[in-house]
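Comments concern the structure below.
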Amino acid sequence: MFLKDVFFPKVCLGCGALGSFLCLNCQKKLKPMKKHTCFYCKKESPFGITHPFCLKKLSIDGVISIFYYNPLMKKIIKNIKYRLVKEGLDDLCKAIYPFLIDSLGFYKKLFSQAVIQPIPLYKKRFNKRGFNQAKIFSEFLVKIFNLTVVDCLVRKKDTPFLAQLKTKKERFLKIRGAFSLVYKKEEIKDKKIILVDDVITSGATVKEAARVLKTAGAKTIFVFTLAKG
C-alpha cells in the first residue's frame, strides 16, 4: 500500500465507500441508455442518430451517450468537477468500456475517419480546476479507437454554469458566441468531427460548438457523452 493511499484514501464518489473512486456497487447502479432518441424530435432512433428530416433544423448528426444522467451519475460527475477529483474520471471511463465493446461494430463505424474535439473550458476555469474532463474522456476514446484529438475550438467567453440557469432560452443566449475557430477553415472543411463532453442536457453548449464547426465547413458533427439528461 502506498503512503498516498494511507493519508489520502480513495473514496467512492457515489457512496463514500473506501477503496476506489467508483465502487462496484455504484457501478451496478449506473443506468446504461436503453432507448436512444433523435436529439431534435425526441423520437426513437438507433444510437441517437439524428433523423434525416430533422437534420435541416439541427447542426448535429447524432448524440450518442452511454448512461442516463440519474442522481447517482449527477453526484459522481459533480464530485469529479467541483471536488477536483481528476482520478475519479479514470474509474468512470473504465466503467463504460464494456458498453463500448458490446456495440463495437457501431462505434468503429462512428469513429472511422473522424477526429475528436473535446468541448473546451474557458482558460480561467481550466486553470482553477486543473483539468478538462472532456479532454480526459477524449484521451480514453483515443486509446481504444486509435483516434486523433484536435483543438480547433477555443472558448473565448466565460459563461456561467449553464446547469444553474432555469430555462433553455437562457442557456442558449449565454452560450452564443462562446466558441471561436483557431484552425483555418480549410483544415475543417469536409471533416467528420466527434464533439466530446461529460454530460448533455439541454444541448446548448454542443449546439453552439457544432454551429461554429458546421459554418466552417465540417461535413458531419456527432456528439459523444458519458451521460444524457
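Things to note:
- Selection from segment 61-87 of residues that are in a helix (DSSP H, G or I) and modelled with pLDDT of 90 or more: Pro71, Leu72, Met73, Lys74, Lys75, Ile76, Ile77, Lys78, Asn79, Ile80
- Meets criteria (aromatic (Phe, Trp, Tyr), touching a strand residue (DSSP E or B) at 6+ places or on another chain (Cβ under 9 Å), closer than 29 Å to Asp90 by Cβ and at pLDDT 90 or above) for Phe131: no
- Residue check, Lys109 free of Cβ contacts under 8 Å to residues at least 40 places away in the same chain, of a type in the set (D, E, K, R), farther than 24 Å from Ser202 by Cβ and surrounded by fewer than 20 Cβ atoms within 10 Å (Cβ to Cβ): yes
- Condition check for Phe106: in contact with a Gly (Cβ under 8 Å, 6 or more places away or on another chain), part of a helix (DSSP H, G or I) and more than 18 Å from Lys29 (Cα to Cα): no
- Members of segment 27-46 that are within 30 Å of Cys12 (Cα to Cα), without any contact (Cβ under 8 Å) to a residue 60 or more places away in the chain and either acidic (Asp, Glu) or surrounded by fewer than 17 Cβ atoms within 10 Å (Cβ to Cβ) (or both): Lys28, Lys29, Lys31, Lys34, Lys35
- Leu195 vs. criteria modelled with pLDDT of 95 or more and more than 26 Å from Ile96 (Cα to Cα): no
The values are calculated or read from the model by the stated rules, or taken from the named source; none is laboratory data. Note that the structure is a prediction, hence the values are computed from the model and not measured. Neighbour counts are summed over all protein chains in view; Cβ atoms, including those assigned to glycine, are modelled from backbone coordinates with ideal geometry.
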